[in-house]
Ligand code: NAP
């Protein structure tokens, strides 16, 4: 009998994972915030995945954090700013050798969870899959991609990667997951804040090439200083490639701001600026970018962190 996948967060990625695991016949339980969310969920037929315009509903069992059943494997699929407190609510249910998969973007939230759960195995993930909710308990699979998983403390892959294979979740075990997360963070810092400041799609940053290049140079310096030289390799080229390849898209941060949702700034640009300060590294353009972005968030009545 396979170990049950407990999934914390019935948002875009949580639902995307839950429906694919359920589709493969694997045991899945969705952990919802509270009784009210559970009642809302139970009033429907389950979780719906919309893929290539075809929708299918899976009757995944829902529960609240109060359920007494122990948790052996937990997929943490909430936003970075919710991860630590959401996991704290489940701490008493985690078995002594529980494994957690942390899907959060950026850096900082993973270390907070690791510090909170020294006994558990925490696997970090970095995903290029894209999904969004078009209603409660529904997700649209918008961008097929890949998920890299890794454990900086223990390089051996877990046996349950077979479950992901069975569920058709494209993935790879990575022995340099931190490098991948740093690289993604740097790409995000060079692109996403500017799309908010200029209120534009990614492609329009082609007209701000100098500013992008200056940020890439500072981000490269930061990565070197943080012991991540591989994440710094050819950064500017890759940023330009991403801007070109995703020219028609709005960045995730742009979309958060446009929809008046809290951003993950503290785990992206905020984390980068904090790391620079820790290393006493002067990165004036990156720091100025943070000031401008926070001003913009405050002006729109959004949290500054
Ligand atoms: P999302 O759609 O906002 O979903 C987050 C979910 O977490 C929400 O359903 C929320 O519940 C739930 N949640 C928060 N605190 C909770 C708690 N204490 N107990 C139970 N549930 C809780 O977010 P997302 O887009 O899936 O993103 C998750 C992470 O993946 C982020 O770090 C994001 O940057 C990253 N990521 C997302 C994508 C994507 O395409 N969406 C791609 C790559 C990476 P409510 O519904 O009750 O608010």
Kindly identify the range 123-268 as rounded, prolate or oblate by the Cα gyration tensor criterion: order the square roots of the eigenvalues as a ≥ b ≥ c, call it rounded if a/c is under 1.5, otherwise compare a/b with b/c, prolate if a/b is larger, else oblate.
-> oblate
By how many nm would the segment from residue 92 to residue 142 grow when fully extended, if each residue of separation counts as 0.36 nm and the alpha-carbon distance is taken off?
-> 14.4 nm
GNM top mover of 106, 46, 145 - the chain, alpha-carbon springs below 10 Å = 145
By the C-alpha gyration tensor axes a ≥ b ≥ c (rounded if a/c is under 1.5, else prolate when a/b exceeds b/c, else oblate), the shape of the range 32-177 is oblate
Taking Cα atoms only, helix 209-225 is inclined relative to the longest principal axis of the chain by an angle, in degrees rounded to 10, of 70 degrees
Indicate the gyration tensor shape class of the range 57-100 (rounded, prolate or oblate), computed on the Cα atoms with a ≥ b ≥ c the square roots of the eigenvalues: a/c under 1.5 is rounded; otherwise a/b larger than b/c is prolate and the rest oblate.
-> oblate
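Arranged from highest to lowest average of other beta-carbon atoms within 10 Å per residue, in what order do the peptides 297-304, 251-258 appear?
Working: 297-304: 12.6, 251-258: 19.8.
Highest-to-lowest ranking by the protection proxy: 251-258, 297-304.
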Give the angle, between 0 and 90 degrees and rounded to the nearest 10, that separates the Cα long axis of helix 269-278 from the longest principal axis of the Cα atoms of the chain.
-> 70 degrees
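Quick one: of the DSSP bridges fully inside the range 1-106, what percent are antiparallel, nearest 5?
25 percent
At 222 nm, what helix-only mean residue ellipticity would the chain give, in deg cm²/dmol to the nearest 500, using -39500 (n - 2.57) for each DSSP H run of four or more? Show your work: numbers first, answer last.
On the way: 12 runs with 130 residues, N = 305.
Computed mean residue ellipticity for the chain: -13000 deg cm²/dmol.
Tally the DSSP beta bridges in the chain and give the antiparallel ones as a percent, rounded to 5. Could you put the intermediate results ahead of the total?
Numbers: 13 of 39 bridges.
If we restrict to bridges inside the chain, about 35 percent are antiparallel.
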Rank 23, 201, 261 by mean-square fluctuation in a GNM of the chain with C-alpha springs under 10 angstrom and give only the top-ranked residue.
-> 261
Tilt of helix 12-23 relative to the longest C-alpha principal axis of the chain, in degrees (0 to 90, nearest 10)?
-> 40 degrees
Would you mind telling me which residue in 115, 125, 213 has the biggest mean-square fluctuation in a Gaussian network model of the chain, where springs connect alpha carbons within a distance under 10 angstrom?
-> 115
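What's the ranking of 146-158, 26-38 by average number of surrounding C-beta atoms within 10 Å, highest first? Don't skip to the answer; put the middle values down first.
On the way: 146-158: 15.5, 26-38: 17.9.
Highest mean packing first, the order is 26-38, 146-158.
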Place the peptides 97-103, 160-166 in order of packing, highest mean first, counting for every residue the other Cβ atoms within 10 Å and averaging per peptide.
-> 97-103, 160-166
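Read-outs throughout are calculated quantities, based only on the coordinates presented, and are distinct from any laboratory measurement. Just so it is clear, the structure is predicted and the values come from calculations on it, not from any experiment. When we count neighbours, we look across all protein chains shown, and the Cβ atoms used for this are built from the backbone with ideal geometry, even at glycine.
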